[in-house]
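These notes concern the structure reproduced below.
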There are 2 protein chains.
Amino acid sequence: MKTDNKLSSILHVILHLAEHNQAMTSETLALYLKTNPVVIRRMMAGLRQAGLVVSVKGHGGGWTMAKPLAAISLLDVYQALGAPRLFAQGYRQEAPQCLIEQAVNASLDSAFAEAERQLLQKFNAVNLSDIAADFELRYQQHLLTLEHSAATAQQSKQE
Amino acid sequence: MKTDNKLSSILHVILHLAEHNQAMTSETLALYLKTNPVVIRRMMAGLRQAGLVVSVKGHGGGWTMAKPLAAISLLDVYQALGAPRLFAQGYRQEAPQCLIEQAVNASLDSAFAEAERQLLQKFNAVNLSDIAADFELRYQQHLLTLEHSAATAQQSKQE
DNA sequence: TTTCATGTAACTCAAAATATTACATGATGT
DNA sequence: ACATCATGTAATATTTTGAGTTACATGAAA
């Protein structure tokens, strides 16, 4: 199956949006995903309805965050996207007559339902600010790496 | 994405096979799924390699279980199928340069990895004999229902 | 009133699971 | 031997669904 990438995509986009601190157009945001602005609008439509972002038409318009990142959970975003399918596994028949198939489906159902519960709970526990904080860490680490390689280059120059 | 139904399908099939207690052809098994015998062979190929079933060619040939149901876990079957993808969610880029996207992926990764671990653990804890036992329960319940509706019919006849 | 931006429907494209076709291999029964 | 039955598997077609594209409507700002 082709995977659904909306969640990962829109998170990427709105974290950039939040960093930017002013309205950004669908076209600009589309550059981050190397995709078409319409794809951005389609995904953002759900977030707008959920009150996570605001859109403004016309000159100087575009998208802005409606809430601080700390007030938005991964679960909020997931649900705003329309709660796309989590699992790639399905049943051949949803409501089979065959009692064996019923027993099989019940068994799988229970396993997947439990996993889904846990996953959504985790989504609920993670705020976008947590991800932004992780980005900050990575950024500081990145700066250190640059510094270090600059120092190393300087050193090898002197040798 | 079109869901992957191999796990549910093959479980259905091999439970019928186990019930039957003698070799069954791919053609017969295909009837349970209303599909093509080749589809059965393709899925069963993995189970054969894993030593869960045995196939015999020619007259009177077909498929038989190689182990008792109690000795086969859901995990065994899942892995014998080639461990098909569990989640429908993916990342736009596997190894992104963008630090924001890296942070997003790391966050999702952790959530999905945890869910996968739990799911496989559950698969490991369920044996096919558990599912067969559940089928038996459903079957007994079904018989009771038939009896009851027969009694009701008899009763309404007398009225 | 022109330009910029979103809102959305309709259509096309692409990827992946499943189904089908075709033919090879091997075992059994006559 | 050889006809028949059954699996083994490659190649191809079909189907589903996420993503991309085109087209046009709506509304706000210069």
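The values are calculated or read from the model by the stated rules, or taken from the named source; none is laboratory data. For clarity, every value in this text was computed on a predicted model and none was experimentally measured. For neighbour counting, all protein chains shown are included, and Cβ atoms are generated from backbone atoms with ideal geometry for every residue, glycine included. When the accessible area is computed, the model is the full protein with side chains, heavy atoms only, and any ligands, DNA or RNA have been set aside. Shrake-Rupley method; radii C 1.70, N 1.55, O 1.52, S 1.80 Å.
Does region A:124-139 include one or more residues that are touching a residue at least 40 places away in the same chain (Cβ under 8 Å), within 19 Å of B:Glu114 (Cβ to Cβ), assigned to a helix (DSSP H, G or I) and open to solvent by 50 Å² or more (accessible area, probe 1.4 Å)?
yes
Among A:Glu116, A:Glu94, A:Glu101, A:Glu136, which is the only one that is among the charged types (D, E, K, R) and modelled with pLDDT under 95?
A:Glu94
Take the residues of region B:70-93 that are open to solvent by 30 Å² or more (accessible area, probe 1.4 Å) and within 20 Å of A:Val104 (Cβ to Cβ): which is farthest from the other protein chains (Cβ to nearest Cβ)?
It comes out as B:Ala71.
Kindly indicate which of A:Val126, A:Val104 is facing chain B (nearest Cβ under 10 Å), more than 22 Å from the chain's Cα centre (by Cα) and β-branched (Val, Ile, Thr).
A:Val104
Could you tell me which numbered condition A:Ala18 fails, if it satisfies all but one of (1) open to solvent by less than 30 Å² (accessible area, probe 1.4 Å); (2) touching a Lys or Arg at 6+ places or on another chain (Cβ under 8 Å)?
Tallying (1) open to solvent by less than 30 Å² (accessible area, probe 1.4 Å); (2) touching a Lys or Arg at 6+ places or on another chain (Cβ under 8 Å), A:Ala18 fails exactly one: (2).
Name the single residue, out of those in region A:1-14 being within 7 Å of chain B (Cβ to nearest Cβ) and within 9 Å of the chain's Cα centre (by Cα), that is nearest to DNA strand D (Cβ to nearest atom).
The residue in question is A:Asn5.
Going residue by residue through region B:39-51, is there one that turns out to be of a type outside the set (A, V, I, L, M, F, W, C), out of contact with any Ser or Thr (no Cβ under 6 Å at 6 or more places or on another chain), open to solvent by less than 30 Å² (accessible area, probe 1.4 Å) and within 10 Å of DNA strand D (Cβ to nearest atom)?
Yes, because at least one residue in region B:39-51 is of a type outside the set (A, V, I, L, M, F, W, C), out of contact with any Ser or Thr (no Cβ under 6 Å at 6 or more places or on another chain), open to solvent by less than 30 Å² (accessible area, probe 1.4 Å) and within 10 Å of DNA strand D (Cβ to nearest atom).
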